[in-house]
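K.L.:
The structure's right below; bear with me while I get my questions together.
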Amino acid sequence: MRSLKDIVYISVIVCLVITIIYGHNIIIDVNNSLDLKSEEIKTLETERDSIQDKLDSTAREFASLKKISDELNQSYESLAASHGTLKKKTDKLESEYDDLSTTYVNEFTDLMGNLTIFETHIQASIDWFRDQRDISELNEYRDVKLDLYSDCLAYDEDSCDIKLTCIPFTNSYKYNVIYKYDSLNVNKSDFLQNLSEIWKNKGGDCEDTAFLFTAEYNYLVERCMKLKYDRKQIRIFSFQPSSGHNTFLTYHNKFYYSDTEPIEVTSFGTYMYPVCGQFLGQSTGHCVVALTDDAISSTSEIYPSLKDAALIEPQKGNYLSSIGSGLVVYDDNEEIEQSNYISLMMTDDDIKYFYTYTGENRWLGYKEFLGDISKQKIELRKLWRDRIADNT
């Protein structure tokens, strides 16, 4: 039988063995746990490094965005300051625009009003010439119309004849209507009187004389027309110098000009217009009348109608020459080569000037001015509408 000591010894041994075995297993478990924890630590370290990289990248992006934000803040502050300045300028410009708009409206209204007034004056001038084309409706000429009809007109079944010499003779001999300077007659220079004023003032200068002569001639032409003659049946007689001959002044064959002979000028035409210009060899301008084959109403008809016309001196009714010798006529844009050219003419409803001041030579009259004003008013209205459209 074993002793107690042995039993204790064995028990201790067994306990040690068990303890060793248990401790070994614990060590194995701990080692396994440590290995697992080591793997987890490595994984966590990897994740930590990745997170750190992201944090570093985020920090860099944040720094970049912070810089951009600071720059944007600076730009915003600058833009805010600029906006404030622009707002002040805009307010000022709007105020000035309102003032300018009011000014433009007033100026546009004034301009259109002035153009309309000018247009009215020009139309009145056209009407004035139309009313002065002959003496038929003027009471002042009641007596002289009878004398002109009885002394200056002769007709038969074939023709209606007009003696041009008779017209100024009747005016001066029977009514004392003669040539007078405007400065002495109406205290004005180059003032065109109307027919009533000419008769009242007992005459006028060469413009007035040509104007009156044409109006009285047109009256005689009208009388022929009322007698049922057409223009082809009207014959016109004047006179020219001729030694040893005499030209009777009226159809009553009582008064005459010596050393002259009658000349028929019908071939030049039966339309009469006052024309003015500087004749060859003269230092001042003079007005006479022209006989043309065609009526003249527009500026484009002036040159073709006048270039072959006859010139008649209205103070006596004598034939001067055809146009081209003592006096020439120029067409639009034609270069002026002679100083003795027609610079003015009067139609039945207008007065035409040959303008040479703008660099382009051309004929212009009241009708052309009236047309230009109408075009300008249309253009101004269009510009005004466009301006309003741009600002709406």
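K.L.:
Using amide H atoms built 1.01 Å from N in the peptide plane, name the residues 5+ places from ASP205, or on other chains, whose amide H lies under 5 Å from its own.
P.N.:
So ASP205 has HN proximity to LYS180, ASP182.
K.L.:
Arrange ILE122, ILE178 by Cβ neighbour counts within 10 Å, fewest through most, would you?
P.N.:
Final ranking by Cβ density, sparse to dense: ILE178, ILE122.
K.L.:
Would you work out if the range 227-321 is rounded, prolate or oblate? Take a ≥ b ≥ c from the square roots of the eigenvalues of the alpha-carbon gyration tensor; rounded if a/c is under 1.5, else prolate when a/b is larger than b/c, oblate otherwise.
P.N.:
Taking the square roots of the gyration eigenvalues as a ≥ b ≥ c, the range 227-321 is oblate.
K.L.:
List the residues whose amide H sits under 5 Å from the amide H of GLY285, counting only those 5 or more places along or on another chain, with H placed 1.01 Å from N in the peptide plane.
P.N.:
For GLY285, no residues qualify.
K.L.:
Tell me, what HN-Hα J-couplings in whole Hz come from the Karplus equation 6.51 cos²θ - 1.76 cosθ + 1.60 at θ = phi - 60° for each residue of the range 297-306, using x for Gly and Pro?
P.N.:
So the Karplus estimates, Gly and Pro as x, are 10, 10, 5, 5, 8, 5, 4, x, 7, 8 Hz.
K.L.:
Another question, then. Which of the peptides 345-351, 55-61 is most tightly packed, and how do the rest follow, going by the mean number of other Cβ atoms within 10 Å of each residue?
P.N.:
With the highest mean Cβ count within 10 Å placed first, the list reads 345-351, 55-61.
K.L.:
Can I ask one more? For the ranges 303-311, 245-253, what's the packing order if you count other beta-carbon atoms within 10 Å of each residue, average per peptide, and put the highest first?
P.N.:
So the order, starting with the most tightly packed, is 303-311, 245-253.
K.L.:
By counting other Cβ atoms within 10 Å of each Cβ, how are GLU140, GLU335 ranked from fewest to most?
P.N.:
In increasing order of surrounding Cβ atoms, one gets GLU335, GLU140.
K.L.:
Additional query: Let me make sure I get this right: for the range 271-392, a, b and c are the square roots of the gyration tensor eigenvalues over alpha carbons, sorted descending. Under 1.5 in a/c it's rounded, otherwise prolate if a/b > b/c, else oblate. Which is it?
P.N.:
prolate
K.L.:
Here's another thing I want to ask about it. What pairs from LYS87/LYS377; LYS228/LYS352; LYS180/LYS226; LYS200/LYS228; LYS352/LYS375 go past 28 Å between their alpha carbons?
P.N.:
As for pairs spanning more than 28 Å Cα to Cα, those are LYS87/LYS377; LYS228/LYS352; LYS180/LYS226; LYS200/LYS228.
K.L.:
Going by C-beta contacts inside 10 Å, put VAL265, VAL288 in order with the fewest on the left.
P.N.:
VAL265, VAL288
K.L.:
Which order do the peptides 144-152, 275-283 take when ranked by the mean count of other beta-carbon atoms within 10 Å per residue, highest first?
P.N.:
So the order, starting with the most tightly packed, is 144-152, 275-283.
K.L.:
Let me ask you something else. Counting only residues 5 or more places away or on other chains, whose amide H sits under 5 Å from the amide H of SER242 once H atoms are built in the peptide plane?
P.N.:
Amide H neighbours of SER242, under 5 Å, 5+ apart: THR260, GLU261.
K.L.:
Please work out the ratio of the alpha-carbon Rg of the range 133-360 to 2.2 N^0.38 Å and round it to two decimals.
P.N.:
Normalised by 2.2 N^0.38 Å, the Cα Rg of the range 133-360 equals 0.99.
Rule-based calculations on the coordinates, nothing more; no lab input. Worth saying up front: this structure is predicted, and the values here are computed from it rather than measured. Ideal geometry is used to build each Cβ from the backbone, glycine not excepted, and the neighbour counts take in all protein chains shown.
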